[in-house]
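Q: Questions regarding the structure given below will be posed in turn.
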Amino acid sequence: NTSVRKIGFGFGCIAVVAAAAFASWGCGSSADGVSSQTGPADAGKGSATDSGSGSQIDSGVTTDDSGVVIDAGAPRADVPAIACNDSLSDVYVSPASVPTMTNATRGDIVRCAVDTTLSMTDVQSEVTGEGDTGVTATSGVNIYRVAFRTYRGNGDAGISSARVYLPTNPVALPMPVITIGHATIGMGGTNVPSQDPTTNKDLGLPWAALGYAVIAPDYAGLGTVGVQGYVDNHDTAYSILDGARALRKFISPGALSTKVVMAGHSQGGGGVLSAQALAKTYGCDGDLVAAMVFAPEWPSRMNSFDYVGELNAAAGDL
């Protein structure tokens, strides 16, 4: 059932597009969303925490004081089903403590902040401005920033921040999970994709414009504590795979199907290929049905793309 397909979003410079026409790769996940496969060997290390108490934003979802949904009603994909009352800056601040990291806590959201809302007209303008002339927007987009738990490439616990796009006019539910891997933007400091509204416009926003919910992880250590594992296949792949888990935990149960779609460009393209390779052992919280990559950066040694040189830079914001 595997086929090669060109995606008509006008992204340009398509190096590889691997799709499965929504035929499952099988990611080693169980019905409750917890992987039945073993994660990193050192799964007990590290900590993160929740975002504290607080009431749910005005979304039509009823929660208790801790943000737990108590009357979800019909599934919704346009708003979060969890408390979302952190400040934007707090998203990038690691909380003090949480329970020990386990496979079951992968994708747990520990920070959530409301970012902005784009009307359908705004979305169309943004997408067209990126050269995606083949996309006709059918939805406005509510944008959020979150931080979620994940493993690092060495098996330690970590946190990845992310930008989440929720359509105000979703396609028919349940919809697939869409996870985006961003291109190289830097090693740290101010180079954080979710803090830049122009990053991922060409990859994440077109999906949301068509009514799909999307998450675009920054990769653990890029904006959050630590340093991202640039060209570390496992490190980047875990953030992408756990991004799918985070999106599933972010919105109403039943809003998302078991299908998982991953798309990435450059560094993110290599990350998506790595995630595809690791999906059966690490799990992707569903059935990986499509992996789409554009000009993938695939590292073959530690100093690929002068990574070691960058790490050894004497000064400056990498």
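The values are calculated or read from the model by the stated rules, or taken from the named source; none is laboratory data. Just so you know, these numbers come straight off a predicted model, no measurement behind them. Here Cβ is always computed from backbone atoms with ideal geometry, including for glycine, and neighbour counts include all displayed protein chains. When the accessible area is computed, the model is the full protein with side chains, heavy atoms only, and any ligands, DNA or RNA have been set aside. Shrake-Rupley method; radii C 1.70, N 1.55, O 1.52, S 1.80 Å.
Q: Can you pull out the residues in region 132-153 that are closer than 23 Å to ALA113 by Cβ, over 14 Å from the mean Cα position of the chain (by Cα), open to solvent by less than 10 Å² (accessible area, probe 1.4 Å) and in contact (Cβ under 8 Å) with a residue 60 or more places away in the chain?
A: Within region 132-153, the first condition is being closer than 23 Å to ALA113 by Cβ, and the residues that meet it are 139-150.
Pick out the ones that are also over 14 Å from the mean Cα position of the chain (by Cα) and you get 139-142.
Cutting the leftovers down to open to solvent by less than 10 Å² (accessible area, probe 1.4 Å) gives us 139-141.
Listed by number, the residues that qualify are SER139, VAL141.
Q: Take the residues in region 109-131 that are open to solvent by less than 60 Å² (accessible area, probe 1.4 Å) and in a loop (DSSP other than H, G, I, E, B), then tell me which one is farthest from ALA208 (Cα to Cα). Break it down stepwise before answering.
A: Kept after step one, since they are open to solvent by less than 60 Å² (accessible area, probe 1.4 Å), are these residues of region 109-131: 109-113, 115-116, 118-119, 123-124, 126-127, 131.
Now drop any that are not in a loop (DSSP other than H, G, I, E, B), which leaves 119, 131.
Values: SER119: 12, GLY131: 16 Å.
It comes out as GLY131.
Q: Listed residues SER252, SER257; which is farther than 13 Å from ASP232 by Cα, at pLDDT 70 or above and assigned to a loop (DSSP other than H, G, I, E, B)? Spell out how you get there, then give the answer.
A: Values: SER257 fails: assigned to a loop (DSSP other than H, G, I, E, B).
Result of the check over SER252, SER257: SER252.
Q: Give region 260-281 a look and list any residue that's part of a helix (DSSP H, G or I) and either on the phi > 0 side of the Ramachandran plot or open to solvent by 20 Å² or more (accessible area, probe 1.4 Å) (or both), or say none. Explain how you work it out, then say what you get.
A: Taking region 260-281 as the starting set, the residues that turn out to be part of a helix (DSSP H, G or I) are 267-281.
Of everything in region 260-281, those that are part of a helix (DSSP H, G or I) and either on the phi > 0 side of the Ramachandran plot or open to solvent by 20 Å² or more (accessible area, probe 1.4 Å) (or both) turn out to be LEU273, GLN276, ALA277, LEU278, LYS280, THR281.
Q: Please go through (1) over 20 Å from LEU241 (Cα atoms); (2) touching a residue at least 40 places away in the same chain (Cβ under 8 Å) for ILE109 and return the number of the only condition it doesn't satisfy.
A: Failing condition for ILE109: (1).
Q: Taking the criterion of being at pLDDT 95 or above, more than 21 Å from GLY129 (Cβ to Cβ) and among the polar types (S, T, N, Q), would at least one residue in region 163-179 satisfy it?
A: Checked against the condition, which is being at pLDDT 95 or above, more than 21 Å from GLY129 (Cβ to Cβ) and among the polar types (S, T, N, Q), region 163-179 yields at least one hit.
Q: Another question, then. Only residues that are surrounded by fewer than 16 Cβ atoms within 10 Å (Cβ to Cβ) and farther than 24 Å from TYR151 by Cα: list them for region 71-106, please.
A: Residues satisfying the conditions are ASP71, GLY73, ALA74, SER87.
Q: Something else: For region 237-249, enumerate the residues that are over 11 Å from the mean Cα position of the chain (by Cα) and either open to solvent by less than 10 Å² (accessible area, probe 1.4 Å) or hydrophobic (A, V, I, L, M, F, W, C) (or both).
A: Taking region 237-249 first, the residues over 11 Å from the mean Cα position of the chain (by Cα) are 249.
Across region 237-249, there are no qualifying residues.
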